[in-house]
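Each value in this text was obtained by applying a stated rule to the coordinates, not by laboratory testing. Model, not experiment: these values are computed from the prediction. We place every Cβ from the backbone using ideal geometry, glycine too, and count neighbours over all the protein chains shown.
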Amino acid sequence: LKLATIWKFIQEDVRLAEPEGVLSFATHYKFSYADGKPELGLTGLRVNASALRVVRDGFDEPIISMKALDVRDGNFQLDQLALVLPVVSLSDGTVNVVKDANGTWNWTGFAREKDSDPNKTPARSPGGGQQAARTWRIDMNAVNVENVALRYEDRHRPKTLAVETSAM
């Protein structure tokens, strides 16, 4: 599956340029719908990406450019907004971490916020306060790298700081 195919369905929800690469995945799933609430769980999640190149909107360089990315034995729980990736393997590529002149990191804020209706009353918790937004939890227990270079650049400083490693 080409990543550009998936991107067409989510491009209005993410701050990513059209990605390059091919994705394959396999998983076991459990889906239920009870009391008006959907539940989706994925176990044994395996993901393989090849010729991967992902660029965040507003940045020129890719955040990741990798010949291969592999994930094994992942677990996803939609109702808990949780993704657990026990092992992520990266090979033959680069990872770029950049803070732009405005202080924005290229690895943050991928999701676009939905336009809210100004006439809509915010949801309230039983205690009367405004309901807190739910956040995602993503756990990576191990990241294996082979022949991967890391580049860090901070353009927010008075004098740009740039550090780069050779492929490890």
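Can you tell me the Rg and Dmax of segment 17-115, counting just the alpha carbons, in angstroms?
Cα only, segment 17-115: 16.2, 48 Å (Rg, Dmax).
Would you be so kind as to identify which of Ile10, Ser24, Trp136 lies farthest towards the positive end of the dipole of the chain, taking Lys and Arg as +1 and Asp and Glu as -1 on Cβ and the Cα centre as origin?
Most positive-ward Cα: Trp136.
Test of understanding: what is the full-extension gain from Val22 to Arg112, defined as 0.36 nm times their sequence separation minus their Cα-Cα distance? Write out the running numbers ahead of the final one.
Details: separation 90, 0.36 × 90 = 32.40 nm, distance 2.39 nm.
Computed gain between Val22 and Arg112 is 30.0 nm.
Can you tell me which of 136-148, 69-81, 88-100 comes out highest on packing, and rank the rest after it, using the mean Cβ neighbours within 10 Å?
On the way: 136-148: 12.4, 69-81: 15.3, 88-100: 17.8.
Averaged packing, sorted descending, gives the order 88-100, 69-81, 136-148.
With a Cα-only, solvent-free Debye model of segment 47-87, what are the log10 I(q)/I(0) values at q = 0.14, 0.17, 0.22 Å⁻¹?
Ignoring solvent entirely, the Cα scatterers give -0.47, -0.65, -0.82.
Using only Cα atoms, what Kirkwood radius does the chain have, in angstroms?
Numbers: mean 1/r = 0.0539 Å⁻¹.
It is 18.5 Å.
What percent do you get for the relative contact order of the chain when only Cα pairs under 8 Å and 6+ apart count?
19
With a bin width of 5 angstrom, please list the P(r) values of segment 1-46 as percents of all Cα-Cα pairs, from the 0 bin to the one holding the largest distance.
Result, from short to long distances: 5, 17, 16, 14, 22, 17, 7, 2 percent.
Residue by residue through segment 66-72, which ³J(HN,Hα) values in whole Hz follow from phi under the Karplus form 6.51 cos²θ - 1.76 cosθ + 1.60 (θ = phi - 60°), with glycine and proline marked x?
9, 5, 8, 9, 10, 10, 10
Give, rounded to the nearest 20 debye, the magnitude of the charge dipole that the chain has about its Cα centre when Lys and Arg contribute +1 at Cβ and Asp and Glu contribute -1 at Cβ.
Details: 21 positive and 22 negative charges, 51 e Å.
Magnitude of the dipole: close to 240 debye.
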